[in-house]
Amino acid sequence: MPGAQTNRTRSVALVGPFGSGKSTLFDALLAASGSPVRRADARNRTMSTELRLGHCTYLGDSWSILDCPGSVEFAAETAAALASVDLAVVVCDPSPARALIVAPILKQLEDDGIPHILFINKIDTMEGSVKDTLDALQAHSHRPLVLRQLPIREGETVTGYIDVVAERAYRYRKGQEAELISLPSDMSDMEQEARNALMEVLADHDDALMEKILEDVTPSVEEVFGQLHKDIANDAVAEVLLGAAENENGVRRLWKSLRHDVPLASETAARRDVPTGNGAGDAPLAQVLKTQYAGHTGKLSYARIWRGTIKDGVSLNGVRLGGIYRMQGGELTKAAEATAGEIVALGRLEGVGTGATISTGVAEPLHFPAHLAPVYSLSVHTADRKDDVKLSGALQRLQEEDPSLSITHDQDTGETILNGQGEIHLNAAVERLASGYNLKLTTSKPQVAYKETIRKPVHQHGRLKRQTGGHGQFADVKIDIAPRARGQGFEFIDKIVGGAVPRNYIPAVGEAAEDAAKKGPFGYPVVDIAVTLVDGGFHSVDSSDMAFKTATRMAMQDGLAQADPVLLEPIDHVTISVPNEYTPRAQRLLTSRRGQILGFNEKPGWSGWDDVEALVPEAELHDLIIELRSQTMGLGTYRHRFDHLAETQPPKR
């Protein structure tokens, strides 16, 4: 496709749950278009961990096809892809029992107003009726689902389909166009019922069509197709197609629907409120949907061009462009320019991250998906401390590639923490750090930032007297150590009168007391205490700041141990979101992790979903998302925030 582009260049994302067969469909679509295909290997077919992009032409039109990861752990990649396409193909399993898994995807598409169609894949494995599957999917869609095809069976085998609009029957032929056959006589009633259902939905959006139906006038096929295209483009309905990508069944029929029903890039730009430009604003405009550091090509920014033409060598956002690439058969091919509607890789745009709007002029900001809150964390360590600086730079680049990752440095534990969307997500990130940046890394469960406090006040005397020849060391301090209310922190109070401790030494006492509180009897920082200097003594020659600091630390160490110390653990406010059929499981999961259930309510904006709230010790949250997803078909998620510190028993070490 390196030749001239047409103004019908369009983009489609394949989305759907893990195991639905998106990658197989992606390969089949490219193969049917005549494009070279580098098929996903067996490991990637089991779990795709990153977006795949392919360019092709079909019947003269140019296309970008995006194969989105199915795992919820890579939802940020999918969200970025959806922000840049004209239509989404939701790849579904034929089992009604698995329709619930598609619910979050449909909700996202509907909330963002993204046109979409459904492709029920693996139709050759369907055990029940297509109506049962359609009804199950409709229960999770606010858009009417209109069935475009009916499966033709010979015994237990699906051999073809009936096109409900054209009222024609076809037999599948692997690797070829389906063969036109006579409409099976035993399916005429079923076909008519499906067509009437489709017509009723379309008539709800067109008065002329409604009038014809009421007058028993049969609309032409062209009228039906025209209204269907209009309704899909307006995100008013979603058509449902059937197929088996593994056998290439239904793939060419899907291509025809895409060619007919996918909105033009200019229509999508209007839907997304992309500025059309006037005067100086006519400069090309694009948006980065994925960032990747790739071998000899360096940094690549995959971007959808919304307006104008981008030529190699121009400056975008003040950075000179270092190449334009299209994805052909799994390989990058260089191009001199790219036009509106295309998704291309742009080279060496340093300082430009995922989600950025780029232009040769003023880059008007465009909406990009919100950052996902992390639900899983790992502490990352280098095997050789000399690689710490190298790790810091690699983590920065990794976050550029994947904004759903975040890196934090825990001041209490000194750990570098990598935060993300799950165990697979973070393991993939660590593997990329190791292979892409030649780093030897180890990971571990992050330490919990325990704290300590005291439950009773004590009076403590600290005295330092050393004579080693010449000037000695002398300091005498008497301090009161008392508990404060939770959350009030550390306080130092000076009550010296009469010069028992000279004014110039008192700051050293305060500093030493606060420093000593960084490690209490259990080995953790001590919080919510007041230290009052009430008396002391000094020597005109042997006293010094250092001597008073040492005496204070001695007093603090002994005093804290006698003040009825207690360990505090952080307690988080946790909100688990699940389909309401899993609400009891979520509650049991929380209580099994020392959670205090606060209650549950319907999740705002989500029909059939609940938010379960609880107070849970942070120590119990590390692998919560793993167990939650395993018990909820991968649908459960949670968010959390620090709530308070609570007394607990010292952890086993």
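Nothing in this text is a laboratory measurement; each read-out follows from the coordinates by a stated rule. It should be emphasised that the depicted structure is a prediction, and the values quoted were computed from it without experimental measurement. All Cβ positions, glycine included, derive from the backbone under ideal geometry; neighbour counts span all protein chains shown.
Data table
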| read-out | value |
| --- | --- |
| Those GluC sites (Glu not before Pro) in region 131-194 that DSSP places in a loop and that have at most 16 other beta carbons within 10 Å | GLU156, GLU167, GLU177 |
| Angstrom value of the Kirkwood radius, inverse mean 1/r, which spans all Cα pairs in region 287-389 | 15.3 Å |
| P(r) tail fraction, the chain - alpha-carbon pairs more than 47 Å apart, % | 34 percent |
| Net +/- balance of residues flanking ALA83 in space, Cβ distance below 12 Å, scoring K and R +1, D and E -1 | +1 |
| For region 569-648, the fraction of alpha-carbon pairs in successive 5 Å shells from zero, as % | 3, 17, 30, 25, 15, 7, 2, 0 |
| Rg and Dmax [Cα atoms of region 469-523; Å; Rg one decimal, Dmax integer] | 14.0, 47 |
| Coil-residue trypsin sites (Lys or Arg not before Pro) of region 438-480, DSSP, other Cβ within 10 Å capped at 16 | LYS440, ARG455 |
| Most positive-pole-ward Cα, LEU180, LEU145, ASN121, against dipole of region 114-209 from beta carbon charges | ASN121 |
| Likely footprinting exposure, MET190, MET554, fewest C-beta neighbours within 10 Å first | MET190, MET554 |
| Environment charge of ASN249, counting only residues whose C-beta is closer than 11 Å and scoring Lys/Arg +1, Asp/Glu -1 | +3 |
| Angle in degrees between helix 22-33 and the longest Cα principal axis of the chain, rounded to the nearest 10 | 40 degrees |
| Filtered GluC sites (Glu not before Pro), region 202-231: DSSP coil and at most 15 other beta carbons within 10 Å | GLU215 |
| Whichever lysines have a C-alpha closer than 21 Å to that of LYS451, once near sequence neighbours (fewer than 8 apart) are set aside | LYS518, LYS519, LYS652 |
| Unit charges on C-beta of K, R, D, E only; dipole of region 452-563, Debye | 220 debye |
| Between helix 506-516 and the chain: long-axis angle, C-alpha atoms, 0 to 90°, nearest 10 | 50 degrees |
| Calculated SAXS-style log₁₀ I(q)/I(0) at q = 0.11, 0.20, 0.22 Å⁻¹ - region 452-563, Debye, Cα scatterers | -0.32, -0.96, -1.12 |
| Coordinate range along principal axes, alpha carbons of region 379-444, Å, largest first | 28, 27, 19 |
| Residues SER406, SER20, sorted so that the one with the fewest Cβ neighbours within 10 Å comes first | SER406, SER20 |
| The chain - charge dipole about Cα centre, Lys and Arg +1 at Cβ, Asp and Glu -1, debye rounded to 20 | 2700 debye |
